[in-house]
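Only one structure is covered here, and it is reproduced in the block below.
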Amino acid sequence: QVQLVESGGGLVQPGGSLRLSCAASGFTFSTYAMSWYRQGPGKQRELVAVIATADGSTNYADSVKGRFTISTDNAKNTVYLQMNSLKPEDTAVYYCSAYDLVRKRRYWGQGTQVIVSS
């Protein structure tokens with residue numbers, strides 16, 4: 001039922017910007033917490049950013065604070081990750097995740113590749 005489709009990944013130069021999108025369907029968007037995770041080469045998956053769509057509260061990994069912004073468009077059931085001042089260490093597959101606050105279930109998108117390189 002729940003579907004998450006990421007888009008917006010690609011190759012970008014250091015210092016550049018990229019905006020990732022996650023289109024969600026099959027659930028009431030405002031009852032979920034939406035997150036972005038990433039997994040770099042040879043690394044564990046890590047949490048990048050979280051937003052509670054009901055009130056808009058956010059949290060970020062220390063490594064991306066001040067550079068990344070998570071946001072939602074509730075009317076469109078879409079979550080975004082605006083990434084600025086990108087660094088090579090931001091290179092990873094980025095995954096959208098939705099957590100159902102009522103049923104306490106987590107869902108994942110397929111991932112989108114971000115490569116930061118000159």
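The values are calculated or read from the model by the stated rules, or taken from the named source; none is laboratory data. Everything numeric here is computed off the predicted structure, so don't read it as measured data. We place every Cβ from the backbone using ideal geometry, glycine too, and count neighbours over all the protein chains shown. Remember, those area values only see protein heavy atoms, side chains included, never the ligands or the DNA or RNA. Shrake-Rupley method; radii C 1.70, N 1.55, O 1.52, S 1.80 Å.
Screening the candidates ALA54, ALA61, ALA75, ALA33 for the property of being touching an Asp or Glu at 6+ places or on another chain (Cβ under 8 Å) and farther than 15 Å from ILE115 by Cα yields one hit, ALA61.
Selection of segment 7-20 for residues being open to solvent by 10 Å² or more (accessible area, probe 1.4 Å) and either among the β-branched types (Val, Ile, Thr) or outside any loop (DSSP other than H, G, I, E, B) (or both) yields SER7, GLY10, LEU11, VAL12, LEU18, ARG19.
Assess whether ASP62 counts as being surrounded by fewer than 20 Cβ atoms within 10 Å (Cβ to Cβ), free of Cβ contacts under 8 Å to residues at least 12 places away in the same chain, more than 13 Å from the chain's Cα centre (by Cα) and under 25 Å from ALA75 (Cα atoms).
Spelling it out, it is not the case that ASP62 is surrounded by fewer than 20 Cβ atoms within 10 Å (Cβ to Cβ), free of Cβ contacts under 8 Å to residues at least 12 places away in the same chain, more than 13 Å from the chain's Cα centre (by Cα) and under 25 Å from ALA75 (Cα atoms).
Please enumerate the residues belonging to segment 65-79 that are of a type outside the set (Ser, Thr, Tyr) and either more than 19 Å from GLU6 (Cα to Cα) or open to solvent by less than 40 Å² (accessible area, probe 1.4 Å) (or both). Of everything in segment 65-79, those that are of a type outside the set (Ser, Thr, Tyr) and either more than 19 Å from GLU6 (Cα to Cα) or open to solvent by less than 40 Å² (accessible area, probe 1.4 Å) (or both) turn out to be LYS65, GLY66, ARG67, PHE68, ILE70, ASN77, VAL79.
List every residue pair whose Cβ atoms lie under 9 Å apart, where the two residues are 6 or more positions apart in sequence or sit on different chains, the first residue falls within segment 30-43 and is more than 14 Å from SER57 (Cα to Cα), and the second residue, located anywhere, is open to solvent by 20 Å² or more (accessible area, probe 1.4 Å) and part of a helix (DSSP H, G or I). As it stands, the answer is GLY40/GLU89, since those pairs meet every condition given. Of a type in the set (Asp, Glu) and modelled with pLDDT of 95 or more: is that true of ASP62 in this structure? Yes; evaluated as a whole, the condition is true for this residue. Does ALA33 satisfy the condition of being farther than 15 Å from TYR94 by Cβ and in a strand (DSSP E or B)? Here the answer is yes, as ALA33 does meet what is asked. Here the condition is being open to solvent by 20 Å² or more (accessible area, probe 1.4 Å), part of a strand (DSSP E or B) and in contact with a strand residue (DSSP E or B) (Cβ under 9 Å, 6 or more places away or on another chain); of ALA23, ALA98, ALA49, it holds for ALA23 alone.
When segment 101-118 is filtered for residues that are in contact with a strand residue (DSSP E or B) (Cβ under 6 Å, 6 or more places away or on another chain) and part of a strand (DSSP E or B), the ones remaining, listed by number, are ARG106, TYR107, TRP108, THR112, GLN113, VAL114, ILE115, VAL116.
Taking the condition of being outside any strand (DSSP E or B), more than 25 Å from ARG103 (Cβ to Cβ) and among the charged types (D, E, K, R), how many residues in segment 36-46 meet it?
Qualifying residue count for the region: 1.
It is to be established whether one or more residues within segment 80-90 are modelled with pLDDT of 95 or more, surrounded by 18 or more Cβ atoms within 10 Å (Cβ to Cβ), of a type outside the set (A, V, I, L, M) and outside any strand (DSSP E or B). Yes, segment 80-90 contains at least one residue that is modelled with pLDDT of 95 or more, surrounded by 18 or more Cβ atoms within 10 Å (Cβ to Cβ), of a type outside the set (A, V, I, L, M) and outside any strand (DSSP E or B).
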